[in-house]
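I have placed the structure first, in the form of structure tokens, so that the comments after it can refer back to it.
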Ligand code: F6P
């Protein structure tokens, strides 16, 4: 089979950061350099391409040392802002600057691109690169794990580790005071982080945006588990869960609303912790280093095989690649029939309403 070869490829990170992005950048650079291709890092997602001159970082096998594997964040910088199709024109309006992004890529002599991003970034680059003939491959990353077509996205398992670790700490202080501890975690649309983190940290209640809940039934559950064993109660709430009706007029975090609702119903003191961006920071766990390395290397192989508009994916313990059309139809939601939902139910965790019959 003849291989496609490139003189120069670009790599960029787009969307919210997470742990493991640098492992992908390192692997893309190592694999591409090994083929004799030059690698250019594009800074701040697409934003650096709108600067004059474009903001770039040449990447070589020597510059991406081993310590990049363990470094959090992204050395290239990233953005969740500045839609190139409706870019602020500085006069209070917006302008379509998508052609400028393409022109900058071509002006840099970049012949193919690796885009490390979530489902929003996959959609953005699918649209952005469509008019040009620039081969590109996506690498899924997000602590929300909501990119369709892959079981795991880079950064998710590291965030699960942070949630599990936070619950470990909350458990000891909850036990000392016999309190209910509510931990609000990220996840606007999907509850993967809440579900996996909750199981990792031994939660009694796990709330996900996908599953409606009933505060009275949740309080019954808390009373039941504290009846024979006065014990700490750990509740994990995804940020995208609906605020309890009684709290909707107060502008509080949903976790705080749940804590207040449980406290008033059970008489047990409750506290809320909002974990926030702690979940996105820090060093990746081993799995994300492995996933990031495997994804980065695969992305280069896909380009070398003549592939374009493909996203690398993890399925059944194997690294593969799928058409980006399958990946852009996001976000992916937790399925009520999934293995871990069944696990949580069997562990007696309260997951909300409507899952009992499954
Ligand atoms: O999409 C990932 C995510 O971590 C969401 O769970 C969260 O709501 C959001 O990013 C926060 O983004 P920002 O960095 O813009 O506050």
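The values are calculated or read from the model by the stated rules, or taken from the named source; none is laboratory data. Computed from a predicted structure; not experimentally measured. Counting neighbours? That spans all protein chains shown, and the Cβs are built from the backbone with ideal geometry, glycine included.
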Checklist entry - So which of 217, 260, 265, 249 ends up being more than 16 Å from the ligand (Cβ to nearest atom) and at pLDDT below 95? => result 249
Checklist entry - When residue 289 is evaluated against the numbered criteria (1) under 30 Å from residue 205 (Cβ atoms); (2) assigned to a helix (DSSP H, G or I); (3) in the same structural domain as residue 119 (by TED's automatic domain parsing), which criterion, by number, is the only one it fails? => result (1)
Checklist outcome for this item: Scanning segment 216-243 residue by residue, those over 21 Å from residue 334 (Cβ atoms) and either out of contact with any strand residue (DSSP E or B) (no Cβ under 8 Å at 6 or more places or on another chain) or in a loop (DSSP other than H, G, I, E, B) (or both) turn out to be 216, 219, 220, 223, 224, 227, 228, 229, 230, 231, 232
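For segment 120-145, how many residues meet the condition of being under 28 Å from residue 317 (Cβ atoms) and either buried (at least 24 other Cβ atoms within 10 Å of the Cβ) or more than 15 Å from the ligand (Cβ to nearest atom) (or both)?
Adding up the residues that qualify gives 15.
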Checklist entry - Looking at segment 153-192, which of the residues that are outside any helix (DSSP H, G or I) and away from the ligand (no atom under 15 Å from the Cβ) is nearest to the chain's Cα centre (by Cα)? => result 182
Checklist entry - Hey, any hits in segment 305-316 for a residue that's at pLDDT below 95 and more than 16 Å from the ligand (Cβ to nearest atom)? => result yes
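Being within 14 Å of residue 113 (Cα to Cα) and surrounded by 21 or more Cβ atoms within 10 Å (Cβ to Cβ) is the filter; apply it to segment 7-26 and report the residue that is nearest to the ligand (Cβ to nearest atom). Working first, answer last.
Kept after step one, since they are within 14 Å of residue 113 (Cα to Cα), are these residues of segment 7-26: 7-14, 24-25.
So of that shortlist, the ones also surrounded by 21 or more Cβ atoms within 10 Å (Cβ to Cβ) come out as 9-14, 24-25.
Working: 9: 26, 10: 23, 11: 20, 12: 17, 13: 13, 14: 12, 24: 16, 25: 19 Å.
This residue is 14.
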Checklist entry - Does segment 20-29 contain at least one residue that is in contact with a helix residue (DSSP H, G or I) (Cβ under 8 Å, 6 or more places away or on another chain) and in a loop (DSSP other than H, G, I, E, B)? => result yes
Next on the checklist: Could you check segment 50-92 and list, in sequence order, the residues that are touching a strand residue (DSSP E or B) at 6+ places or on another chain (Cβ under 8 Å), outside any loop (DSSP other than H, G, I, E, B) and surrounded by fewer than 16 Cβ atoms within 10 Å (Cβ to Cβ)?
Outcome noted: 58, 86, 88
